[in-house]
Amino acid sequence: MIKLTKVTKEYPPRGRALSDVSFHIRKGEFAFLTGHSGSGKSTTLRLIHMAERPSSGEVRVLGFSSELATGRDIWKLRRRVGFVFQDFRLLPGRTALENVAFALEVTGSPRRERIPRANHLLEEVGLSTKSEMSVDVLSGGERQRVAIARALVNEPLVLLADEPTGNLDERAARGVMELFLELNARGTSLLMATHELTLVRSQPDARVLELDEGRLVYDSELVREESA
Amino acid sequence: MHALREALAAIRRAPFLTVLSAGMVALALFVVGLFTVVTYNLHQALTRVEERVEVVAYVRDDVRPEELAALEAELVGMEEVRAVHFVSREDALLAAREDLSEFEDLFTGLDENPLPASFEVELHPGFRSPESVARVAEVASIYPFVEAVAYGRDWVDRLHLLRQIGAIGTTVLGVAFGVVAALIIATAVRIAIFARRDEIYIMRLVGATNGFIRRPFLLEGFLTGLAGGLLATGLTYAAYFAVYRLVFPIEWIPIEWALGGVMTGGLFGILASAIAVRRYLQEV
């Protein structure tokens with residue numbers, strides 16, 4: 001699903017954001033990407049989403065290689081990889097339903113299918129009663145649910161989440177985590193960047209990848225394999 | 001359809017920004033419009049003055065009719081010549097009496113008409129330069145019965161120089177105004193797109209193609225530019241009307257020029273949008 005091979009990302013003259021990072025996320029896997037601020041978590045997710053290309057090494061996602069992917073490949077890839085941000089990135093001034101349906105419109109989904117599908121997704125994230133409300137008046141937790149519904153509306157095979165609970169209170173964060181676990185149980189691979197260790201510890205079965213100053217310093221899968 | 005719907009929705013969502021952009025486009029094109037009206041009227045005035053450029057060949061009193069016919073035929077056959085009018089001595093005196101009525105006493109006491117007969121030669125537009133006028137004068141003066149050829153050499157030279165200065169000045173100022181207008185329009189559209197850069201980012205995020213993202217922005221830029229162009233034309237017409245009514249009569253520019261101005265607004269809008277969107281598409 002996602003494979004990073006000796007990936008390095010440099011931002012001259014600021015320096016190196018990632019150094020020689022390699023890992024492989026399989027279908028249906030749930031993994032946390034942890035580390036302090038500036039450790040390279042967001043850069044890793046951006047590379048996987050092909051918003052950027054590595055300085056060296058290869059990122060391979062759903063069969064698309066960072067070395068070969070064209071602009072057309074990238075938009076195809078993004079329709080199969082959902083992305084959820086800490087700051088939601090919703091279209092302001094539009095309703096929750098419009099925000100979710102927009103992701104369907106972009107992919108050329110027929111108009112008659114868009115609204116029922118978007119409504120269905122909002123129902124799944126528990127926002128069916130607020131679908132016609134502007135996202136500007138929703139709470140942080142609700143906005144994040146809209147963002148998740150948008151990320152899922154095209155039935156992605158992989159979901160990337162960059163500090164998705166960072167702006168949420170404890171209750172809302174728990175709700176988002178439950179939603180992610182449900183999705184993962186249905187087969188969606190999940191890679192979630194977070195620096196909240198309590199969140200990571202609450203999911204002992206999930207895989208944990210830890211970055212420190214751009215280097216992968218811990219991979220729970222390797223530790224398990226070694227101890228086995 | 002999506003592009004039109006999104007473009008109209010964007011205008012509805014941020015009417016202030018749209019009005020601001022269209023207003024900036026309008027003001028930029030208004031300056032160009034005023035310049036065009038002034039230039040057009042100067043051009044028209046010069047053309048009217050130029051129409052008075054003619055060559056007059058004065059002939060001797062004893063000239064025979066067949067000699068006159070030969071000269072007339074040669075002049076009429078020249079590509080520079082639009083028309084040739086023969087003015088007899090009597091007609092010349094009548095005209096002088098009409099044109100110079102304050103000297104009526106001078107003409108009434110005459111025993112003999114002192115004025116010579118002449119050919120007045122009108123020239124085609126485009127053949128009123130000093131060189132063309134001199135060529136026609138030279139042909140006329142070859143005939144021995146032609147006593148003198150007059151065309152106001154200094155006046156024609158000055159007029160030609162004035163037209164050349166006018167053409168250079170119009171081109172330089174026109175290009176300068178055009179560039180300034182283009183920069184203002186580009187800035188206005190870029191401000192509008194900058195305000196929506198997050199939207200572009202989100203579209204890219206969910207897998208929109210560049211064409212899908214670009215189309216509504218181009219259409220919005222076109223509509224904004226078109227509105228600005230229409231507004232500019234209206235303002236220019238108001239300024240023209242005020243001058244016409246309150247100061248002195250001037251001419252309104254040809255309708256094709258006005259329509260061209262409106263379309264220029266739209267095209268500038270598309271171009272500025274394309275450049276601005278391209279930048280944001282490269283960033284994500």
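The values are calculated or read from the model by the stated rules, or taken from the named source; none is laboratory data. Computed from a predicted structure; not experimentally measured. With ideal geometry, Cβ positions are generated from the backbone for all residues, glycine too; neighbour counts draw on all protein chains shown. Side chains are part of the model used for accessible areas, which takes the heavy atoms of the whole protein and leaves out ligands, DNA and RNA. Shrake-Rupley method; radii C 1.70, N 1.55, O 1.52, S 1.80 Å.
General remarks:
- Subtracting the Cα-Cα distance of B:R245 and B:E79 from 0.36 nm times their residue separation leaves 55.6 nm of extension gain.
- Residues with amide H under 5 Å from that of B:H124, placed H, sequence gap 5 or more: B:V81, B:R82
- Magnitude of the charge dipole for chain A, about its Cα centre and with charges confined to Cβ atoms of Lys, Arg (+1) and Asp, Glu (-1), is about 780 debye.
- Nitroxide proxy distance, nm - points 7 Å out along Cα→Cβ at A:E52 and B:L183: 3.4 nm
- Calculated FRET efficiency for the pair A:R174/A:I115, C-beta based, R₀ 30 Å, to 0.05: 0.50
- Tilt relative to chain B, helix B:65-76 - C-alpha long axis, 0 to 90 degrees, to 10: 10 degrees
- Across the protein chains, with a 1.4 Å probe defining accessible surface, the residues B:H85, A:H36 rank A:H36, B:H85 from largest area downward.
- For chain A, DSSP calls about 50 percent of its internal beta bridges antiparallel.
- Spatial offset of the range A:130-169 relative to the range A:29-46 amounts to 19 Å, using the alpha carbon center of each.
- Residues in the range B:216-236 that a label on B:L8 would reach, taking backbone N under 15 Å of a point 7 Å out along Cα→Cβ: B:216, B:219-220, B:223-224
- For chain A, the longest principal axis of the alpha carbon atoms and the long axis of helix A:96-106 meet at an angle near 70°.
- Measuring nothing but how far apart in sequence close Cα pairs (under 8 Å, 6+ apart) lie, relative to its length, the range B:54-150 scores a relative contact order of 52 percent.
- The protein assembly as shown, accessible surface, carbon-and-sulfur percent (1.4 angstrom probe): 58 percent
- Of all the options B:G266, B:G228, B:G126, the one that moves most in a Gaussian network model of chain B with Cα springs shorter than 10 angstrom is B:G126.
- Applying 1/(1 + (r/R0)^6) with R0 = 30 Å to the Cβ-Cβ distance of B:W257 and B:D99 gives a FRET efficiency near 0.20.
- Distance-filtered residues of the range B:73-104 - backbone nitrogen under 16 Å, label point 7 angstrom along B:E147 Cα→Cβ: B:87-94, B:96
- Prolate/oblate/rounded label for chain B (Cα gyration tensor, a/c 1.5): prolate
- Dipole of the range A:126-228 computed with +1 at Lys/Arg Cβ and -1 at Asp/Glu Cβ about the Cα centre; of A:S128, A:N167, A:L138, farthest Cα towards the positive end is A:S128.
- Most simply put, the protein assembly as shown has about 65% antiparallel DSSP beta bridges, counting only bridges with both residues inside it.
- Cα centre as origin, Lys/Arg/Asp/Glu Cβ charges: the protein assembly as shown dipole, Debye: 4520 debye
- Residues of the range A:94-117 that lose at least 40 Å² of accessible area (1.4 Å probe, protein heavy atoms only) when the other protein chains are present, relative to their chain alone, are A:R94, A:F102, A:E105, A:V106.
- Going from the chain on its own to the full set of protein chains, the range B:204-236 has these residues losing 40 Å² or more of accessible surface (heavy atoms, 1.4 Å probe, no ligands, DNA or RNA): B:L205, B:V206, B:G207, B:T209, B:F212.
- For chain B: relative contact order, % (alpha-carbon pairs under 8 angstrom, 6 or more apart): 32 percent
- Per-pair calculated FRET efficiency, R0 = 60 Å: B:V172 and A:E67 via Cβ, rounded to 0.05: 0.70
- Distance between modelled label sites at A:Y218 and B:L162, nm, 7 Å Cα→Cβ extension: 9.0 nm
- Rolling a 1.4 Å probe over the protein chains gives A:D162 an accessible area of about 20 Å².
- Part-to-part distance (alpha-carbon centres) for the range B:79-121 and the range A:187-225, which is given in Å: 109 Å
- Vicinal HN-Hα couplings computed from phi for the range A:17-22 (Karplus, 6.51 cos²θ - 1.76 cosθ + 1.60; Hz; Gly/Pro x): 8, 9, 10, 6, 8, 9
- Taken along the Cα-to-beta-carbon direction at a fixed 7 Å, the label points for A:E182 and A:R201 span 2.7 nm.
- The lysines whose alpha-carbon is closer than 20 Å to the alpha-carbon of A:K6, local same-chain residues fewer than 8 away aside, are A:K41.
- Hypothetical label at B:V31: residues of the range B:180-213 whose amide nitrogen lies under 14 Å (7 Å Cα-Cβ projection): B:180-188
- Cα gyration tensor shape of the range B:97-171, rounded if a/c is under 1.5, else prolate or oblate by comparing a/b with b/c: oblate
- Between helix B:153-194 and chain B there is an angle of about 10 degrees, using the helix long axis and the longest principal axis of the Cα atoms.
- Between B:V76, B:V55, B:V136, the Gaussian network model of chain B with springs among Cα atoms under 10 angstrom shows the greatest mean-square fluctuation at B:V76.
- Peptide A:80-89 has a mean shielding of 2, counted as Cβ atoms of other protein chains within 10 Å of each residue's Cβ.
- Hydrodynamic radius by Kirkwood, which averages 1/r over all alpha carbon pairs of the protein assembly as shown, in angstrom: 29.6 Å
- Cross-link partners of A:K27 among lysines, defined as those whose alpha carbon lies under 20 angstrom from its own and excluding same-chain residues fewer than eight positions apart: A:K3, A:K76.
- Inter-centroid distance (Cα atoms) of the range A:49-69 relative to the range B:10-53, Å: 51 Å
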